[in-house]
Every structure is written in C-alpha cells, then in structure tokens.
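In what follows, a structure is listed as structure tokens, so that the remarks can point back to it.
The values are calculated or read from the model by the stated rules, or taken from the named source; none is laboratory data. The structure displayed is predicted, hence computed values, not measured ones. Neighbour counts run over all protein chains shown; Cβ positions are idealised from the backbone, glycine included.
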Amino acid sequence: MANLDKWAREIPEYAIKLARAFWPGPMTLILPRTNLAMNFITGNQNSVGIRVPSHILASALLKEFEEQDGLGVAAPSANRFGKVSPTTADAVFEELSGYLSPNDLILDGGPCQVGIESTIINCTQDLPEILRPGAITANMISDLIGLQLNQIATGSNKSSIKAPGLLQSHYAPKAKVFLSTTPNLGDGFIALSEIPTPPGAIRLASPKDHNEYAQVLYQALRLSDTKQLSNVIVIPPTGDDMAIAICDRLEKCAYKG
C-alpha cells in the first residue's frame, strides 16, 4: 500500500478503501499507470495491475527486495498460456521445469491458501468493475464501499482492459471437462462431498465446502491428466460467494467442441 502511488495515478477513493480492507490478500486492482510501470510490465496498456500478497514467503521476498531498493516485482503466473494454474511447488516444476535454467529457483511455500486466482477489479472508472471473480466477492465490495450490487459491473469479457484469465477458454487440462452431465465408466468426477460418486466414475476431489472446492479444483484437474483420463465430469457449486469464482473457472475450462 505504501508504494501504490509510485505505480498508479488517479487512484479513486473506493480503490483506496478496497486496498486498506483487503490487502494483503487475493485482490488485484487495475489502475492508471505511472511511468514506473513500463510497457514490458503492462503489455503496452495504460493501466497496471497491482496486488499485495498475504503469504508469508511472498511477503518476505518483497521485503528483502525493498531492502535492496526495489519497489515491487513484475510476476506473471507460473503456468503456460491457457493451462491449468499450479497450486503447489511440485505443480510449478511439472509445468515449467523444461523452460527453466539451472540457476532458476522455485520457492515452496506449501499449497496455495485460496487455490483459485485473485479477484481482479478495474478501478480506472467511476465505479468498480470485477473483471475476474475471486475470494473478494461482489457482496464484500458492495458492503465496504456502500454500493448496490447492480452498481458493481462484472464485465470480464466486455471490458477494454486486458487482464489474466479473461479468455473464453482457459485453465483447461488435457482431459475434456463437462459440467453437470452423467459420467460414464472411467470418467473423472469432481463434486462436493455430499454428492455421491456415480458407479464407475473416478473421484478426483470431494471438497466439503466452497472454500475447499476452490483450494482443490486445479489440483483435481491436474490429477485427471496424471491419470490420463479422457473426460472429467464436474458438478459446479451454487451460490453467490466463492461459488461464482469457481463457476467462472469451470466455464472457462469446459469443453467447447
């Protein structure tokens, strides 16, 4: 938060409220950039995405860098374009080991605490716009800044802002992912633990609630490829909390053939 004005300008009051309430945490704010955020960081856009992570290892890395006069780290996701996001150090190695040099390091901070990616909020206009849903929900934003839910846009596929995870097809394993259909013999199956496994299906995950669903989703999708499954049947969660973000990821990775 202390260096926010070095990276961004014209910061609206609601963005400051969001930063104070939810940072450190799983929220990325899109703001007009300063000259410090150069083209190689922003992809030639006039805006920059800023996040303050809460993980102790990430915080330690940033603190150490600041002690060497750094102001932040430009960090893309540790997955190849369009592929399933890794949520453990082993998954990062599996994803990127063929592209790393001998001097590259993978920091192992244990499994990701949330599992799915951060909420991305466009703060370049008068009202906030959720570009990618996540653990910071529309209800939480509404309650904090005193807006009605219908005043918070969710224009992930309509916004002119380019941000991670906005493609129609993304987060996809090699297996074909189908939503809310009946699995056949040998198909993978992901659903809340209260939903029994259909006969002949291979259970990949049985989360107890929506938070655990988010934590294990990508791990389960990666497991489908480890098991060399052809199809994965997923029963999406319902609700207006983390379920919205989970369903967003599932819709992006679902088979569209």
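What is the residue count in the range 58-84 for residues that are of a type in the set (S, T, N, Q), modelled with pLDDT of 90 or more and either within 18 Å of the chain's Cα centre (by Cα) or not in a loop (DSSP other than H, G, I, E, B) (or both)? Total satisfying the criteria: 1.
Those helices (runs of 4 or more DSSP H) of the range 1-42 in which 1 or more residues are in the same structural domain as residue 142 (by TED's automatic domain parsing), modelled with pLDDT of 95 or more and under 20 Å from the mean Cα position of the chain (by Cα) occupy 13-22.
Taking the range 202-256 as the range and being among the β-branched types (Val, Ile, Thr), part of a helix (DSSP H, G or I) and more than 18 Å from residue 91 (Cβ to Cβ) as the test, the residues that pass are 244, 246. Counting only residues that are of a type in the set (D, E, K, R) and more than 30 Å from residue 143 (Cα to Cα), which one in the range 214-256 is farthest from the chain's Cα centre (by Cα)? Ranking the candidates gives 227 first. Restricted to the range 10-31, and to residues there that are touching a strand residue (DSSP E or B) at 6+ places or on another chain (Cβ under 7 Å) and either hydroxyl-bearing (Ser, Thr, Tyr) or exposed (fewer than 15 other Cβ atoms within 10 Å of the Cβ) (or both), the residue that is nearest to residue 137 (Cα to Cα) is 28.
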